[in-house]
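Below: one structure, written as structure tokens.
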Ligand code: ZN
């Protein structure tokens, strides 16, 4: 997930936070790539390969810069997300959204729909449970930015982009614009 300009960048980490170095920065898949519409597979074994993937995703997220990144955004259809809302990088594997409540409008963007931001209303509070990079159960719960990132990134694992969270009329307009842009680029 990406923050609107008025929030500035909170991604200040750029060193090795988790395990192996040096890390790699992946190209980010954008709207139109079928991997973004595909439900990601659960991860059975959390091994060094998964830890390496998480490290690379964190590096890619900081480089973008973004506050959250899901594995399908780098073309890997696995249930792994990383995020950092300003208190260090977090890894969440096979997450489950347990609870949401309230409502909050936020200027939301997505690294896979570059340069676009929309005031999107979603529940303010979210609680999610999953595993960390060592296979330990972790739970994150919070309002506003944390709640938003959890919902946005878990949406990615279900093949849902933020465009689908827009109201019907705006969504139709946006989809038309994005398709026209893609045609203009000859894609
Ligand atoms: Zn996104």
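Values quoted throughout were computed directly from the atomic coordinates according to the rules given, and no laboratory measurement underlies them. The structure presented is a predicted model; accordingly, all values stated were derived computationally and were not measured. Here the Cβ is made from the backbone with ideal geometry for all residues, glycine too, and neighbour counts use every protein chain on show.
Could you identify which residue out of 49, 86, 147 has the top mean-square fluctuation in a GNM of the chain using Cα springs shorter than 10 Å?
Answer for the Gaussian network model of the chain: 49.
With axes computed from alpha carbons, what is the tilt in degrees of helix 168-184 against the longest principal axis of the chain, rounded to the nearest 10 within 0 to 90?
That helix lies at roughly 90 degrees to the long axis.
Mind telling me which of 168, 129, 116 comes out most flexible in a GNM of the chain, alpha-carbon contacts under 10 Å?
168
Among DSSP bridges having both ends in the chain, what percentage is antiparallel? Round to the nearest 5.
If we restrict to bridges inside the chain, about 95 percent are antiparallel.
Once the Cβ-Cβ distance between residue 164 and residue 137 is put in as r, and R0 is 35 Å, what FRET efficiency do you end up with, to the nearest 0.05?
0.75
Residue 25 versus residue 38, label points 7 Å from Cα toward the beta carbon: distance in nm?
Taking the two extended label points, one gets 2.6 nm.
Nearest 10 degrees, 0 to 90: what angle lies between the long axis of helix 144-157 and the longest principal axis of the chain (Cα atoms)?
For helix 144-157, the angle is close to 90 degrees.
In whole Å, what three semi-axes, largest first, describe the equivalent ellipsoid of the chain built from its Cα gyration tensor (square root of 5 times each eigenvalue)?
25, 19, 16
Measure out, as a whole number of angstrom, how far apart the alpha-carbon centroids of segment 118-143 and segment 33-47 sit.
Rounded to whole Å, the Cα centres lie 18 Å apart.
On a 0 to 90 degree scale, rounded to 10, what angle separates helix 48-63 from the longest Cα axis of the chain?
50 degrees
Identify which of 175, 80, 162 has the largest mean-square fluctuation in a Gaussian network model of the chain, with springs joining Cα atoms closer than 10 Å.
Its mean-square fluctuation being the largest, the pick is 175.
Return the calculated 222 nm mean residue ellipticity for the chain, to the nearest 500 deg cm²/dmol, obtained by summing -39500 (n - 2.57) across DSSP H runs with n ≥ 4 and dividing by the residue count.
-8500 deg cm²/dmol
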